[in-house]
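K.L.:
Structure in structure tokens, see below.
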Amino acid sequence: MDRAKSRFLRLSSHQLRGNVAAIHSMLGAIQTVGPLDERQADLARRIRQRAGELVVQMDEMLLLSTIRENGVEIQKRFPVDLAGVLRSVAEAASGEAIIQGLILTVEGCSDPVHVQAWSGAMETVFSNLLSNAVKYTPRGGQVSLSLRRRQQRAQVEMADTGIGIPDSMHEQVFQEFYRAPQARQITGGTGLGLPIVRAILDKLGGQIRLRGGEGPGAVVTVELPLVEPAASNEQGPAPACVAEKDKLIPVEKTKQTAST
């Protein structure tokens, strides 16, 4: 039944996405041709925004159903440098962190730490988690990423000073389309990010845990089995960085700030 549900989700999302994407595109064209009065322009903008949100939701539904059906593309796995992925997603999130006046720190990512995954899987997991942390942390707060080895497993801990997740909802947030009440009050979302994260980790033999009650802050811990890559696949690390207020500075110069 689960496989049938995932297949239906994938096929229906695929069919609907094309039509909604066309609506989104045509609305963009309408906004650029011919004069629109203020009310017409506002309606076109709002419709296009909603259509864009639907496209994002359908993309996430397609991804979730593909993972659960164990598609061919996710069976091709290779060693992925988790430290490099964390540096990359932190750099991508640094702009939003700066806008919100957050301190974003990355630690333990100087040396390569490899896990087995398919292309893009780790980027999807940690982009989702970091995006949530930044989105739900009030101005002036902190978000930290740390990576360490624990016996034969890589452990990533993401901590923030955000709105938190009540203990009673720690399982519910991994259900499709569920969003905690305090999250709905802040911004929109599909409710599919965390289900996608758990589905990927389940396929890779990983785990995810939540800590922290309702505000302030939450801690998300992800564990994955370590692998030893071929020497030819290893690449040198790039420097980790911090987004602090309005500038990017090396992590080494902010250890004291992060510890406080």
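Table: residues versus (1) closer than 22 Å to THR124 by Cβ; (2) in contact with a helix residue (DSSP H, G or I) (Cβ under 7 Å, 6 or more places away or on another chain); (3) assigned by TED's automatic domain parsing to the domain that holds VAL222.
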| residue | (1), (2), (3) |
| --- | --- |
| LEU9 | yes, yes, no |
| PRO35 | no, no, no |
| GLU53 | yes, no, no |
| LEU82 | yes, yes, yes |
| LEU86 | yes, yes, yes |
| GLU96 | yes, yes, yes |
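K.L.:
Considering segment 128-154 alone, what residues qualify as being part of a loop (DSSP other than H, G, I, E, B) and among the small types (Gly, Ala, Ser)?
P.N.:
GLY140, GLY141
K.L.:
I would also like to ask the following. Yes or no: THR32 among the hydroxyl-bearing types (Ser, Thr, Tyr) and within 30 Å of LEU204 (Cβ to Cβ)?
P.N.:
When the stated conditions are applied, THR32 does not pass them.
K.L.:
What residue, of ARG45, ARG68, ARG10, ARG17, is among the basic types (Lys, Arg) and loosely packed, with under 15 Cβ neighbours inside 10 Å? Outline the logic, then answer.
P.N.:
Details: ARG68 fails: loosely packed, with under 15 Cβ neighbours inside 10 Å; ARG10 fails: loosely packed, with under 15 Cβ neighbours inside 10 Å; ARG17 fails: loosely packed, with under 15 Cβ neighbours inside 10 Å.
None of the others qualify; the one that does is ARG45.
K.L.:
Give segment 9-39 a look and list any residue that's of a type in the set (A, V, I, L, M, F, W, C) and either more than 16 Å from LEU64 (Cβ to Cβ) or touching a residue at least 40 places away in the same chain (Cβ under 8 Å) (or both), or say none.
P.N.:
LEU9, LEU16, VAL20, ALA21, ALA22, ILE23, MET26, LEU27, ALA29, ILE30, VAL33, LEU36
K.L.:
Residue by residue through segment 150-173, note down the ones that are closer than 11 Å to LEU210 by Cα and within 16 Å of the chain's Cα centre (by Cα).
P.N.:
Listed by number, the residues that qualify are GLU157, MET158, ALA159, VAL173.
K.L.:
Residues of segment 23-57 being of a type in the set (A, V, I, L, M) and under 26 Å from ASN128 (Cα atoms), which ones?
P.N.:
Those that are of a type in the set (A, V, I, L, M) and under 26 Å from ASN128 (Cα atoms): ILE47, ALA51, LEU54, VAL55, VAL56.
K.L.:
On to the next question. Just the residues that are modelled with pLDDT under 85 and among the polar types (S, T, N, Q), please, taken from segment 138-189. Lay out the reasoning, then the answer.
P.N.:
Pass one, segment 138-189, residues modelled with pLDDT under 85: 163-189.
Hits for segment 138-189 are SER168, GLN172, GLN175, GLN182, GLN185, THR187.
K.L.:
Quickly run through segment 119-132 and pick out the residues that are buried (at least 20 other Cβ atoms within 10 Å of the Cβ) and at pLDDT below 90.
P.N.:
ASN132
K.L.:
Hey, among the residues in segment 88-118 that are hydrophobic (A, V, I, L, M, F, W, C) and assigned to a helix (DSSP H, G or I), which one's surrounded by the fewest Cβ atoms within 10 Å (Cβ to Cβ)? Give the derivation first.
P.N.:
Going through segment 88-118, the residues hydrophobic (A, V, I, L, M, F, W, C) turn out to be 89-90, 92-93, 97-99, 102-104, 106, 109, 113, 115, 117-118.
Adding the requirement that they be assigned to a helix (DSSP H, G or I) leaves 89-90, 92-93, 97-99.
On the way: VAL89: 22, ALA90: 24, ALA92: 14, ALA93: 22, ALA97: 24, ILE98: 16, ILE99: 12.
Selected residue: ILE99.
The values are calculated or read from the model by the stated rules, or taken from the named source; none is laboratory data. Just so it is clear, the structure is predicted and the values come from calculations on it, not from any experiment. For neighbour counting, all protein chains shown are included, and Cβ atoms are generated from backbone atoms with ideal geometry for every residue, glycine included.
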